[in-house]
Amino acid sequence: MPISLLSAPTNLGLRPPVATATPGCAKAPEVLRAAGLDARLDAADAGLVVCPRYVDDAVPGRLRNQDAILDYSTRLADRLGGLIESGRQPLVLGGDCSLLLGVGLALRRLGRYGLVHVDGHTDFRHPGNSAHCASLAGEDLAAAVGVHWPDVSLLGGSRHFDPADVVHVGCRDDDEALDEVHAVLGRALTALQVRVAGAAVVAASILDVVARAGLDGYWLHVDIDVLDEVFMPAVDSPSPDGLLPEQLIELLRALAPGAVGAHVGIYDPDLDPDGSAAEVVVDCIAEGLADLGTGR
């Protein structure tokens, strides 16, 4: 069965890029499709989950856009659950990383799943380590394993992933939450480790955690800022010392066949006026995720 391409154009988890503006990553699914992604993947069109209006309404103790995020996550989970139960291989085009909340809710409803969090940042800010929680796109992994505010991290009644079933890969060595994720998650691997050990070796280490007996499968979260800023400037937080596109492709090729699905996010077309970064994103998705779910 072909990949089912679902657009999830959320920007709700990001802070405004400048006063009065909204983040541009909500435009990403349309731009990536226009750049040829559908044809490259020969994917089935699973439609769109429409995102609520962005409002910069953060107050202490709540996320900005919190009510909209919870609503959107529930609707995304409903759509994803139907696709998975029908035997399809969903590939979700974001949007920002807050969509992990809807993904996690869908999977928790269906069983116990692992998560591979491929991201240039740990996204592990939470009320226990920061007084500045407000933007879920920098806090999504913490929410996914149940250490954020209960209204967020216990959406649906329980945490979405057991920390032992989660692997983070791709942050930089100076990530401020790296020591914590090492202690909490099943495994944490930096971009430097991927570059030194090689994607194949790292993928084998990841699969030891997320493909072990007792799990119903695993999901791939792919934040495109895992790439080095030289190759991917069109994200809200570009940084050096990331992966080369070919390294990300090799890693995804090794992980995609066994995955129940994947999502790709944080590409911002507003930061890509000539479309060159879109071509890099399309290459990484089309070449890295072409075999999504074929090994299940």
Among what's in segment 42-53 and is surrounded by fewer than 19 Cβ atoms within 10 Å (Cβ to Cβ) and in contact with a strand residue (DSSP E or B) (Cβ under 7 Å, 6 or more places away or on another chain), pick the residue that is farthest from G293 (Cα to Cα). L48
So for segment 137-150 (the condition being within 21 Å of R75 (Cβ to Cβ) and of a type in the set (D, E)), does at least one residue qualify? yes
Of all residues being among the aliphatic types (A, V, I, L, M) and either closer than 14 Å to L141 by Cα or in contact with a Pro (Cβ under 6 Å, 6 or more places away or on another chain) (or both) in segment 184-199, which is surrounded by the fewest Cβ atoms within 10 Å (Cβ to Cβ)? Just the residue, please. V184
Are any of the residues in segment 235-251 open to solvent by 10 Å² or more (accessible area, probe 1.4 Å) and touching a Pro at 6+ places or on another chain (Cβ under 7 Å)? yes
Given the condition touching a helix residue (DSSP H, G or I) at 6+ places or on another chain (Cβ under 7 Å) and part of a loop (DSSP other than H, G, I, E, B), answer yes or no: does some residue in segment 281-288 qualify? no
Give segment 139-162 a look and list any residue that's open to solvent by 20 Å² or more (accessible area, probe 1.4 Å) and of a type outside the set (A, V, I, L, M, F, W, C), or say none. G146, P150, D151, G156, G157, S158, R159, D162
Of the residues in segment 33-49, those that are of a type in the set (G, A, S) and closer than 23 Å to L76 by Cα number 5
What's the number of the only condition in (1) of a type outside the set (G, A, S); (2) modelled with pLDDT of 95 or more; (3) surrounded by 15 or more Cβ atoms within 10 Å (Cβ to Cβ) that D38 fails to meet? (2)
So which residues in segment 54-96 are under 19 Å from V152 (Cα atoms), open to solvent by 30 Å² or more (accessible area, probe 1.4 Å) and assigned to a helix (DSSP H, G or I)? D67, L70, D71, T74, R75, D78
Restricting segment 265-296 to residues that are touching a residue at least 12 places away in the same chain (Cβ under 8 Å) and of a type in the set (D, E), the residue that is surrounded by the most Cβ atoms within 10 Å (Cβ to Cβ): D268
Which of the numbered conditions does D174 fail, given that it passes all the others? Conditions: (1) out of contact with any Leu (no Cβ under 6 Å at 6 or more places or on another chain); (2) open to solvent by 60 Å² or more (accessible area, probe 1.4 Å); (3) on the phi > 0 side of the Ramachandran plot. (3)
Could you list, in sequence order, all residues of segment 217-232 that are surrounded by fewer than 24 Cβ atoms within 10 Å (Cβ to Cβ) and under 19 Å from the mean Cα position of the chain (by Cα)? G217, D228, E229, F231
Scanning segment 2-26 residue by residue, those within 23 Å of L83 (Cα to Cα) and either assigned to a helix (DSSP H, G or I) or touching a Gly at 6+ places or on another chain (Cβ under 6 Å) (or both) turn out to be A8, P9, T10, A26
Top-ranked residue of segment 1-31 - restricted to ones that are under 22 Å from P233 (Cβ atoms) and among the hydroxyl-bearing types (S, T, Y), ranked as surrounded by the fewest Cβ atoms within 10 Å (Cβ to Cβ): T22
Complete set of residues in segment 97-119 that are in a loop (DSSP other than H, G, I, E, B) and farther than 18 Å from G157 by Cα: D119
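The values are calculated or read from the model by the stated rules, or taken from the named source; none is laboratory data. Note that the structure is a prediction, hence the values are computed from the model and not measured. Because the Cβ atoms are built from the backbone with ideal geometry, glycine has one as well, and the counts that use them run over all protein chains shown. Heavy atoms of the whole protein, side chains included, go into the accessibility calculation; ligands, DNA and RNA do not. Shrake-Rupley method; radii C 1.70, N 1.55, O 1.52, S 1.80 Å.
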